[in-house]
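Undergrad: Let me give you the structure first, and then I'll get to my questions.
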Ligand code: FES
Ligand SMILES: [Fe+2]
């Protein structure tokens, strides 16, 4: 975060304390509960999601030419490959002969991808190389039967992919003012410390919702993280379809009346958690010395999802001597989220169809919810016009 913005945020938090308030919307909002369980709604959302850049990892995971990763998190089989020229390409992990899954391994290095069914082979740039018994395919326009490429861009070290082929990708434009703000963390020089999936029986949007307000801390997290955070006094800002919620740590008390102009950005940032809501399906959280990334993908049904949790750290922190610390961190993090946040959301998922008036209420003190769900709806509507 740039210094001027950080200073503004710190001042805003101070004023929230003074006035005992938080960021508010003009009015209370209402949202259809069916957004979480209706199959038609889910199908529209899935089509919409395919048109936006989704984060599938960090480039440090495939550093060398020929390095690859397969990725099924989105529900679409994707193959990411580092090219000879240093760029990264994304393909559908599907053989163009009769549709076998081309690459079964999760990660590795290849000069050629050979299909396990009839041994068609593809170069790392996706071009079709060989078709055994080529006379069987006389007349086939071989140049058109390379792997299907998906729009892909590396920005801030993250690998962004759009599932809709032929759509144009421009991550900087998508991030808007957040592009510079994220650059200030130097994420491109960081590495992926861990990258895991969790499948859960709830709509994917619940994962994002959990990062959009701190109002639930005092009750739901009373025995876990509540002692370390204020459940009120949170700045919220919007950046196009994206947003940013600041969680204020109790350690902010130490700087509330201090002269912060003499403090470094990194020390100031230790007193808050910065939740970047990157439309459509990721929340990136700056946790003082590393990023957590939570990306939620819709499952086959509206009440299922796959969640990808990643930890992105500075190189000097991703070393074996610190592994125990990260393990501990991870256990607490996943434990809290699964046992508290998602356990709660699962019960909401179950009763959502019975919600009186099919209506959920978004408080004035929950501006992130107004914005996120408004943007999901607007992007889905835009697709239909
Ligand atoms: S399906 Fe891949 S070679 Fe036949
Ligand atoms: Fe929570």
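Undergrad: Within segment 249-271, is even one residue touching a helix residue (DSSP H, G or I) at 6+ places or on another chain (Cβ under 8 Å) and surrounded by 22 or more Cβ atoms within 10 Å (Cβ to Cβ)?
TA: Checked against the condition, which is being touching a helix residue (DSSP H, G or I) at 6+ places or on another chain (Cβ under 8 Å) and surrounded by 22 or more Cβ atoms within 10 Å (Cβ to Cβ), segment 249-271 yields no hits at all.
Undergrad: Quick check: anything in segment 219-239 farther than 30 Å from residue 131 by Cβ, exposed (fewer than 15 other Cβ atoms within 10 Å of the Cβ), in contact (Cβ under 8 Å) with a residue 60 or more places away in the chain and over 17 Å from the mean Cα position of the chain (by Cα)? Steps first, answer last, please.
TA: Taking segment 219-239 as the starting set, the residues that turn out to be farther than 30 Å from residue 131 by Cβ are 219-239.
Add one more test, that the residue is exposed (fewer than 15 other Cβ atoms within 10 Å of the Cβ), and what stays is 219, 222-223, 227-228.
Then drop every residue that is not in contact (Cβ under 8 Å) with a residue 60 or more places away in the chain, which leaves none.
Within segment 219-239, none of the residues are farther than 30 Å from residue 131 by Cβ, exposed (fewer than 15 other Cβ atoms within 10 Å of the Cβ), in contact (Cβ under 8 Å) with a residue 60 or more places away in the chain and over 17 Å from the mean Cα position of the chain (by Cα).
Undergrad: With the condition being in contact with a strand residue (DSSP E or B) (Cβ under 8 Å, 6 or more places away or on another chain) and away from ligand 1 (no atom under 16 Å from the Cβ), I'd like the strands (runs of 3 or more DSSP E) fully within segment 50-158 carrying at least 1 qualifying residues.
TA: Details: elements: 54-58, 67-71, 78-82, 88-92, 107-109, 112-114, 121-123, 128-130, 152-155.
Output list reads 54-58, 67-71, 78-82, 88-92, 107-109, 152-155.
Undergrad: Right, next: Return the residue satisfying two criteria in turn: it lies in segment 314-341 and is more than 25 Å from residue 217 (Cβ to Cβ) and in contact (Cβ under 8 Å) with a residue 60 or more places away in the chain, and of such residues it is farthest from ligand 2 (Cβ to nearest atom). Walk me through how you get there before you give the answer.
TA: Here is the first cut: in segment 314-341, the ones more than 25 Å from residue 217 (Cβ to Cβ) are 314-324.
When the remaining residues are screened for being in contact (Cβ under 8 Å) with a residue 60 or more places away in the chain, the result is 314-315, 317-318.
On the way: 314: 26, 315: 30, 317: 25, 318: 26 Å.
This residue is 315.
Undergrad: Still on this structure, I have one more. Name the one entry in 195, 189 that is exposed (fewer than 15 other Cβ atoms within 10 Å of the Cβ), in contact (Cβ under 8 Å) with a residue 12 or more places away in the chain and not assigned by TED's automatic domain parsing to the domain that holds residue 110. Outline the logic, then answer.
TA: Numbers: 195 fails: exposed (fewer than 15 other Cβ atoms within 10 Å of the Cβ).
It is 189.
The values are calculated or read from the model by the stated rules, or taken from the named source; none is laboratory data. Owing to the predicted nature of the structure, the values given are computational and were not obtained by experimental measurement. Methodologically, a virtual Cβ is constructed for each residue, glycine included, from the backbone with ideal geometry; neighbour enumeration extends over all protein chains shown.
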